[in-house]
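The values are calculated or read from the model by the stated rules, or taken from the named source; none is laboratory data. Predicted model only: the values in this text are computed from it and were never measured. When we count neighbours, we look across all protein chains shown, and the Cβ atoms used for this are built from the backbone with ideal geometry, even at glycine.
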Amino acid sequence: MAAAREYIRRCATQRRVIFSKHARDEMRNAGAQVEDVLNALRRHRSLVSQPKGRWKVTGPDLDDDDLDEGVIVVTVF
């Protein structure tokens, strides 16, 4: 899990994140901007393993509110 935490933080810090159309739609619905999501990925408070090698990440937006209302899907590479 430590490796996943570091990988997520590094990708967010280096802005190596691709937002799908679905992710952008969900961000719009949640009132989240790209910088909010990157901040949540960099400073995540919770990281839970999901099926198929995926992770559920919860972290604070730029206002220090957790981005856990609804789902925002992000792909990192």
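Regarding residue 35, is this residue out of contact with any helix residue (DSSP H, G or I) (no Cβ under 6 Å at 6 or more places or on another chain) and at pLDDT 90 or above? Please lay out each step first, then the result.
Values: out of contact with any helix residue (DSSP H, G or I) (no Cβ under 6 Å at 6 or more places or on another chain): yes; at pLDDT 90 or above: yes.
Judged against the criteria, residue 35 is a match.
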Regarding segment 42-59, can at least one residue be identified that is within 11 Å of the chain's Cα centre (by Cα), within 13 Å of residue 12 (Cα to Cα), at pLDDT below 85 and not in a strand (DSSP E or B)? no
Out of all the residues in segment 10-23, which are on the phi < 0 side of the Ramachandran plot, surrounded by fewer than 16 Cβ atoms within 10 Å (Cβ to Cβ) and not in a strand (DSSP E or B)? 10, 13, 14, 16, 20, 21, 22
